[in-house]
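One structure below.
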Amino acid sequence: MLVKAPTQAELQALANKTSSEETKKASLWIDQFVDGLTGLALRERAAFSPTCNIAGLLSGYTVKE
C-alpha cells in the first residue's frame, strides 16, 4: 500500500502551525516521542503517516476438530 505524499501547500501549512511539544509530552507522561522526533518532522509524521497497521485477521469458525 502506498501513502500519498503531502502537497507543497500541505507541508507549508504544517510548517506554519505551532504546537506545544512539551505540553503534549507532559500530558502523555513521556520523555520523548517515537524516534526522538521533534518540530516539523514530528508534525509531518503525525499528520501524514499511516496510523493503523492490520497485521492479520481471524474470522469465521476457527475450532479445529
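No value in this document is a laboratory result; all are computed from the given coordinates. Note that the coordinates shown come from a computational prediction; the quantities given were computed from them, not determined experimentally. Virtual Cβ from ideal backbone geometry, glycine too; neighbours counted across all protein chains shown.
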Inset, instruction - Count charges around residue 14 for me, please; just the other residues with Cβ under 10 Å from its Cβ, Lys/Arg as +1, Asp/Glu as -1. - result: 0
Inset, instruction - For the stretch 14-65, state which trypsin sites (Lys or Arg not before Pro) are in a DSSP loop and have at most 13 other beta carbons lying within 10 Å of their beta carbon. - result: 17, 64
Legend entry - Per-residue [θ]222 nm for the chain (sum of -39500 (n - 2.57) over DSSP H runs n ≥ 4, rounded to 500): -11500 deg cm²/dmol
Inset, instruction - With only Lys, Arg, Asp and Glu charged, each at its Cβ (+1 for the first two, -1 for the last two), find how big the charge dipole of the chain is about the Cα centre; round to the nearest 20 debye. - result: 140
Inset, instruction - Determine the sum of side-chain charges near residue 48: Lys and Arg each +1, Asp and Glu each -1, restricted to other residues whose C-beta is under 14 angstrom from that of residue 48. - result: +2
